[in-house]
1. What distance in nm separates the two pseudo spin-label positions at residue 307 and residue 144, each 7 Å out from Cα along the beta-carbon direction?
2. Note down the nm distance, to one decimal, between modelled labels 7 Å out along Cα→Cβ at residue 130 and at residue 339.
3. Let me check I've understood the local charge: for residue 206, count other residues with C-beta under 13 angstrom from its C-beta, Lys and Arg +1, Asp and Glu -1. What total comes out?
4. Report, in whole Å, the centroid distance computed from the Cα atoms of segment 38-76 and segment 227-261.
5. Assuming R0 = 41 Å, can you tell me the calculated FRET efficiency for the pair residue 371 and residue 281, based on Cβ-Cβ distance, to the nearest 0.05?
6. What is the distance in Å between the Cα centres of segment 91-136 and segment 348-370?
7. Give the calculated FRET efficiency between residue 42 and residue 174 to the nearest 0.05, with a Förster radius of 22 Å applied to their Cβ-Cβ distance.
8. Would you mind getting me the FRET efficiency between residue 22 and residue 181? Use the beta-carbon distance for r and R0 = 56 Å, nearest 0.05.
Amino acid sequence: MKEKLTNNLGLKLLSVFLAFFIWLVVVSVSNPVITQSQQVELEIVNANVLESKNKTYEIIGDQRTVTVYYEIQTMEAGNIRPTDFRAYIDLAEMYEPTGSVPVYVEVVNHARLISGEPYTRPGVIRVQTEDLQRKAFDLTVKHVGETADGYAPGTATLSPSYVYVSGPESLVGQISEVGIEINVENASSNVTGTASPVFYDANGNEIPQNDRLTVNRTDITYDLNILRVKDLVLDFEPSGEVAEGYRYTGVESSVNSVRVEGLKSTLAEVSSITISGEALDMEGATGDRQVTLDLTGYLPEGVQLTEGDGIIQVVIRVEPLTNRRFELPVSQIRLEGDTGRYEYAFEQDTVSVVVQGLSEDLDQLTTDGFDAQIDVSAMSLGIHSATAQVTLSSAYEIVSVSPSTITVSEIGPAAADETSEGAGDSDSNTEETEEESAAHTGTRPETHGGDGTSETTEEQSTSATEG
């Protein structure tokens, strides 16, 4: 009998049903009152009381809801919803020293089902007040992305060009800049559209949106010009003369070219930026001069820098001149006006030439670079003193050239006959040639033949000595 009762599923189900039925009967007869709760959204009333005092408020702890407790019969508990209650604070009743405001609760629906008076926890809300600030900000533009190659963002027209931001002083004070962001990715023509204002702090970082901050305009209309870009070379033209004994050697700049932007037709007419006038005055300079320049003052109309403030550093280089002496072999001196009738012999082997120039340039100079000549067209037989005309490149200046002593004698058959016959004594031979004089002394001076070139060799000098 026992096993029959314990293994019978039907009897088990019947037992459960009977137990539930008995419980339902008991509850229906007694229907006890129980305490229930609901999370109800907190409402703020009379906020205009603070606004009229130019103040704003913030609920400490960001309390958005309160818990409403109420009593109700068990059978009716399932009929109550959070919307059946209204929980609110009245800012007109705020106790200013502490910012405390009592929470009130009202039963909106099913009031007959609620037993007694409902209450809330917390029963008091603390509110922090702060002065309200309204500040105007000029709108700026930030570009997002990269334009197409050869183009750059130009000037944007905004409507409106400024906005008013309102909110607590502590929050408004964090705002350093208000602007909009414009997408210029691969743009090659003007970009138009609308955008919402964005707040930035002093470091340029975006400030997250806060519902305590309001802007009088949330949609900003923009029209952004997309301009052509071009690299322009800087051309420096100093003015004035450096002091005597010094030379201007050039200009060094922290920037040699800049990238500018403008209309295609405008940039087509510009290839460089010329900087001249008083800004690069080197009058009387005896050393380098450093100048700070603002390139924006030298840009053509309708052209502006793509980036940077245009401030550059320029150094006008001025160096002292140095004198240096060079010994120029007379064999390098060209005889102008030589007809081939006479022979020209120099008394000296070299000519002293003093050259002025920069020390570095003088280090590179050799006598091979000298172009020297003497005009002998007016010279007759005899001994003459002449100064060579020496020419160098524009980097050098000839300071002085030592004079040369030149003996002019005849050449040809007549001179050869006189030598072989030994005719004429010392009284009648008034125009003794340098060649005869050399034969008497056992030496032969350096001579220029009729072709105007040097003909001195060690072999000739040795032969004359042995004779």
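1. With each label point 7 Å from Cα toward Cβ, the separation is 2.0 nm.
2. 11.0
3. Numbers: positive: 142; negative: 177, 181, 201.
Overall, the nearby charge balance is -2.
4. Here the two parts' Cα centres lie 72 Å apart.
5. Details: r = 36 Å, r/R0 = 0.88.
With R0 = 41 Å, the Cβ-Cβ based efficiency is 0.70.
6. First find each Cα centre; the distance between them is then 102 Å.
7. Numbers: r = 27 Å, r/R0 = 1.23.
Efficiency computed from Cβ-Cβ geometry: 0.20.
8. Working: r = 71 Å, r/R0 = 1.27.
Rounded to the nearest 0.05, the efficiency is 0.20.
No lab work stands behind these numbers, since they all come straight from the coordinates. Just so it is clear, the structure is predicted and the values come from calculations on it, not from any experiment. Quick reminder, even Gly has a Cβ in these numbers, built from the backbone with ideal geometry, and neighbours come from all protein chains shown.
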